[in-house]
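To start, the structure under review is shown below, and the notes come after it.
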Amino acid sequence: RFDQYLNKIIPEERQEVLRKKLNVDVRHPVILFVAPDIVIGQTFDSYDVVRTFETLSALRAIKNLQIVVKIRPGPEREHFFKKVLRDTLGEKHILTQYENMQELFSISNAVISCFSTVALEAMIAQKPVILDATNVNDRMIIESHFLPYEKANAVRIARTGEELVLHARTLIVPEEAKKLTSSEKEFLRKNYCFDGKASKRMRDFLETLRG
């Protein structure tokens, strides 16, 4: 899975097709928000979803910012998410659901999510990452793992709505984004082995087990 982010380059022609489909203006910055899903009885319920999008709505204060919201594919709770987005973000959002994540990364200036896997995928794709820790449960999980990333300036962690806006406003500036992605790259080099060859290593290992 992670190999694909290194081995697959999204052509500019495909990026332009996606921009046209989503009505994204290449002249203005894009924030991709990968939304959490409702997990009944665990960490995220419908009230948390509403609060999350209410917090996200503060990004509307950033002039010309295009907010692309990616929700989980499938019809389950789709109507609920769309209604909450309309109520909180109004017309100032672009909803995506079935689009390819790599392609969405390619047209975005920065990525916001509470998901650790999304964060890693975006880092591999060399996109600035803001971890959404405005939800108290997410904050505990994120801080238990991502504080070293934050200390190394490899990600930003937004613990409040104000920090979310501040980090977004900063990272849509190309010079600031370049500083963060440079730190991301160095952090990944020191702590991971994302070289695009994990599938081959797994295959070779399984071959040894076969004898």
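The values are calculated or read from the model by the stated rules, or taken from the named source; none is laboratory data. Nothing here was measured: the structure is a model prediction, and the numbers come from that model. Quick reminder, even Gly has a Cβ in these numbers, built from the backbone with ideal geometry, and neighbours come from all protein chains shown. Just so you know, the surface numbers come from the protein's heavy atoms only, side chains and all, with ligands and any DNA or RNA stripped out. Shrake-Rupley method; radii C 1.70, N 1.55, O 1.52, S 1.80 Å.
Can you work out the FRET efficiency for the pair residue 79 and residue 39, with r the C-beta to C-beta distance and R0 = 25 Å, to the nearest 0.05?
Details: r = 18 Å, r/R0 = 0.72.
Calculated transfer efficiency: 0.85.
Among the aspartates and glutamates, which fall within straight-line cross-link reach of residue 185, defined as a Cα-Cα distance under 13 Å, with same-chain neighbours fewer than 8 residues apart omitted?
121, 195
How far is helix 198-210 tilted off the main Cα axis of the chain, in degrees rounded to 10, range 0 to 90?
It works out to around 50 degrees.
Going from most exposed to least, what order do 192, 149, 98 have by accessible area with a 1.4 Å probe? The partial results should precede the final answer.
Working: 192 70, 149 10, 98 150 Å².
My answer, sorted largest first, is 98, 192, 149.
Within the chain, what is the longest stretch that has no GluC sites (Glu not before Pro) placed in a DSSP loop and near at most 11 other beta-carbon atoms within 10 Å? Spell out each step's value before the answer.
Details: sites that count: 76, 91.
Segment 92-211 is the longest.
Heavy-atom accessible area per residue, the chain, 1.4 Å probe: how many Å²? Could the numbers behind the result be given before it?
Numbers: 11680 Å² over 211 residues.
Per residue, the chain has an accessible area of 55 Å².
Rounded to the nearest 10 degrees, what's the angle between the helix 12-22 long axis and the longest principal axis of the chain, both from Cα atoms, 0 to 90?
Helix 12-22 sits roughly 30 degrees off the main axis of the chain.
Thinking of the chain as a set of Cα atoms, what percent of all their pairs are more than 27 Å apart?
32 percent
Multiply the residue gap between residue 87 and residue 61 by 0.36 nm, knock off their C-alpha separation, and tell me the result in nm, one decimal place.
7.7 nm
How large, in percent, is the carbon and sulfur part of the accessible surface of the chain at a probe radius of 1.4 Å?
Taking all protein chains in place, the chain shows 53 percent carbon and sulfur surface.
Between residue 144 and residue 210, what is the FRET efficiency for a Förster distance of 41 Å, r being their Cβ-Cβ separation, to the nearest 0.05? Numbers along the way, then the final one.
Details: r = 38 Å, r/R0 = 0.92.
Working from the Cβ atoms, E equals 0.60.
Would you check segment 1-95 for Lys pairs whose C-alpha atoms are within less than 27 Å, ignoring same-chain pairs closer than 8 in sequence, and give me the count?
The result is 21.
Could you give the length gained by full extension between residue 191 and residue 9, i.e. 0.36 nm per residue of separation minus their alpha carbon distance, to one decimal place? Walk me through the numbers before you get to the answer.
On the way: separation 182, 0.36 × 182 = 65.52 nm, distance 2.34 nm.
Working it through step by step, the gained length comes to 63.2 nm.
Quick check: with the 1.4 Å probe, what order do 94, 130 take by accessible area, largest first?
Of 94, 130, the descending order of accessible area is 94, 130.
Report the extension gain between residue 153 and residue 21 in nm, rounded to one decimal, defined as 0.36 nm multiplied by the number of residues separating them, less their alpha carbon distance. Don't skip to the end; give the middle numbers.
Details: separation 132, 0.36 × 132 = 47.52 nm, distance 3.41 nm.
Taking 0.36 nm per residue and subtracting the Cα distance, the gain is 44.1 nm.
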